[in-house]
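J.: Please see the structure below; I have some questions.
The values are calculated or read from the model by the stated rules, or taken from the named source; none is laboratory data. What you are looking at is a predicted structure, and each value in this text was computed from that prediction instead of being measured. A quick note on method: Cβ atoms are made from the backbone with ideal geometry, for glycine too, and the neighbour counts reach across all protein chains shown. Each accessible area value is taken on the protein alone, full model and side chains, heavy atoms only, with ligands, DNA and RNA left out. Shrake-Rupley method; radii C 1.70, N 1.55, O 1.52, S 1.80 Å.
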Amino acid sequence: MVSAVFVATASAIIVLSALSMWRLAVGRTIYDRLLAAGVVGTKNVGLLVVLGFMFKRPDMFVDLALTYALLNFIGTVAAAKYLARHPEGGL
Amino acid sequence: MAIAGTVLIGVGLFLMAVTVIGLIRLPDFYTRTHAVSKTDTLGIGLVLVGLALHEGVTLVSLKIVLGLLFIFIANPVAAHLLTRSALQVGIMPWTRRDSAREQ
Amino acid sequence: MLHAQLETVRIALRMRWHDSNARGWHRPVFRWLAYIVLLAGLWVALSGRLDGLFLAMGIISATAVLSVTEAIFRPGDPVGFERPPARFSWLAGTVFRLVIYFPLLLRDIAVANVHVVHLVLNPRMPISPSLVEFESPLRTEASNAVLANSITLTPGTVTVDMSANRFIVHCISETMRQEIQEGVLLKRVAHVFGEKVEVPKLRNLTSAEEVKW
């Protein structure tokens, strides 16, 4: 029963990430795309932890999730800083 | 514990779904940021707390809570930086008047 | 390469240990201790071991990381802000009030989420966004940072920019604009940091020219 919860959660997160990809593809501005990429990244932190529970190795996957969260944040910050300085890169 | 965790995961997934719907439906970048900085932060937070409840009190759940704290700080800051950068570039927010003009 | 890094460390050490103006908890020693305890605590939490060797490695690497990053993130006197009071009683009181503040913030976050859910799922999408600016009356850097993040996490408002004391806030609907106008959050943050404030006036920003800084 418990593992069914994890499978359901994982598949829900994957479906939601796929839907966020719509905004990533359509965009309109580069900022919309970055926002959508951030959303996908945050969801995948959850997905990694759930995968850890599914494979019965949460200790390893939680570390991966933490690293992923850090990289996601740093990536967004770097892109935002770059675009503020080089507006022509985003438009 | 497991039942409470499952309920929290469910609520979190619902909030994530709302985030995605908002991301697709809302009219401009700034309003989408609202959906992301609020519902997405709490959504992932509830999912992680739910998973920690499934795990019980161990090192893994402590790490999950650490990650959760990080996301709670990092997500608003990221949204903040993106909007700031967008405003510096000169993208103005959508208003009701704009939509009236378009029609 | 290594030589350059050692040089940075040396300069950082010299500048930080001899900050003669610092009093009370502003003394660099306390900041170093706080950072080392924090980083070493994180190390212990992430490695999951508590034996002497691991603890020593944690403290050594925390100190090493700190000595390199201190030069980059040096907390000087930021333009436009005051230093918080140097008294330990102020620090202890502020930490205590912050701990009380967090449950209140959590409640606000919950309200914010219900609000966004309502806006997004409503087929008519009753939003009416506006961009406003105001001068924050808060005086220290930390209190302004807490206010900015609290505004972002609570109903219908996102802090777009905060430079010196100027806040630019994006409100998603008219009701939310009212809330900023009343300054509920501002008063609460001011209370946490032991400051007295007047609620500032809001100005609407409608064109890119008005945004310029």
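J.: Is at least one residue of the stretch C:184-201 modelled with pLDDT under 75, out of contact with any helix residue (DSSP H, G or I) (no Cβ under 6 Å at 6 or more places or on another chain) and open to solvent by 10 Å² or more (accessible area, probe 1.4 Å)?
T.: No; the residues of the stretch C:184-201 include none that is modelled with pLDDT under 75, out of contact with any helix residue (DSSP H, G or I) (no Cβ under 6 Å at 6 or more places or on another chain) and open to solvent by 10 Å² or more (accessible area, probe 1.4 Å).
J.: Something else: Condition first: facing chain A (nearest Cβ under 9 Å), in contact (Cβ under 8 Å) with a residue 12 or more places away in the chain and not aliphatic (A, V, I, L, M). Now tell me which residues in the stretch B:31-59 satisfy that.
T.: Across the stretch B:31-59, the qualifying residues are B:Thr33, B:Asp40, B:Thr41, B:Gly43, B:Gly50, B:His54.
J.: Based on this model, can you work out whether B:Leu62 counts as surrounded by fewer than 18 Cβ atoms within 10 Å (Cβ to Cβ), within 7 Å of another protein chain (Cβ to nearest Cβ) and free of Cβ contacts under 8 Å to residues at least 40 places away in the same chain?
T.: The answer is yes for B:Leu62.
J.: How many residues are in a helix (DSSP H, G or I) and open to solvent by 10 Å² or more (accessible area, probe 1.4 Å) if we restrict to the stretch B:37-57?
T.: Narrowing the stretch B:37-57 to residues in a helix (DSSP H, G or I): B:37-55.
Still in the running and open to solvent by 10 Å² or more (accessible area, probe 1.4 Å): B:42, B:46, B:49, B:52-55.
Of the residues in the stretch B:37-57, 7 are in a helix (DSSP H, G or I) and open to solvent by 10 Å² or more (accessible area, probe 1.4 Å).
J.: Is it the case that the stretch C:160-171 has a residue that's among the charged types (D, E, K, R) and in a loop (DSSP other than H, G, I, E, B)?
T.: Step one: of the stretch C:160-171, the residues among the charged types (D, E, K, R) are C:161, C:166.
In the following step, the residues that additionally are in a loop (DSSP other than H, G, I, E, B) were identified as none.
No: zero hits.
J.: Among (1) within 12 Å of chain C (Cβ to nearest Cβ); (2) more than 23 Å from A:Phe73 (Cα to Cα); (3) modelled with pLDDT under 90, which single condition is B:Val11 missing?
T.: (3)
J.: Restricting to the stretch C:156-193, count the residues that are touching a Leu at 6+ places or on another chain (Cβ under 9 Å), acidic (Asp, Glu) and within 11 Å of chain B (Cβ to nearest Cβ).
T.: 1
J.: Go through the stretch A:12-28 and give me each residue that's in contact (Cβ under 8 Å) with a residue 24 or more places away in the chain and either open to solvent by less than 30 Å² (accessible area, probe 1.4 Å) or among the acidic types (Asp, Glu) (or both).
T.: Hits for the stretch A:12-28 are A:Ile13, A:Leu16, A:Ser17.
J.: Please enumerate the residues belonging to the stretch C:42-60 that are within 14 Å of chain B (Cβ to nearest Cβ) and β-branched (Val, Ile, Thr).
T.: Listed by number, the list holds a single entry, C:Val44.
J.: Go through the stretch C:118-159 and give me each residue that's touching a residue at least 24 places away in the same chain (Cβ under 8 Å), part of a loop (DSSP other than H, G, I, E, B) and out of contact with any Lys or Arg (no Cβ under 7 Å at 6 or more places or on another chain).
T.: C:Pro126, C:Ile127, C:Pro129, C:Ser136, C:Pro137, C:Leu138, C:Arg139, C:Thr154, C:Pro155, C:Gly156
J.: Given the structure, is B:Phe72 more than 7 Å from every other protein chain (Cβ to nearest Cβ) and within 20 Å of C:Thr159 (Cα to Cα)? Quick ask: steps written out before the conclusion?
T.: Numbers: more than 7 Å from every other protein chain (Cβ to nearest Cβ): yes; within 20 Å of C:Thr159 (Cα to Cα): yes.
Yes.
J.: Just one of the numbered conditions (1) more than 7 Å from every other protein chain (Cβ to nearest Cβ); (2) of a type outside the set (S, T, N, Q); (3) in contact with a His (Cβ under 8 Å, 6 or more places away or on another chain) is not true of B:Gly22; which one?
T.: (1)
J.: Among the residues of the stretch C:114-137 satisfying the criterion of being among the hydroxyl-bearing types (Ser, Thr, Tyr) and within 17 Å of B:Trp94 (Cβ to Cβ), which is least open to solvent (accessible area, probe 1.4 Å)? Even if it seems obvious, please write down each step before you answer.
T.: Our first condition is that a residue be among the hydroxyl-bearing types (Ser, Thr, Tyr); within the stretch C:114-137, this holds for C:128, C:130, C:136.
Then keep just the ones that are within 17 Å of B:Trp94 (Cβ to Cβ); that gives C:128, C:130.
Values: C:Ser128: 37, C:Ser130: 21 Å².
Ranking the candidates gives C:Ser130 first.
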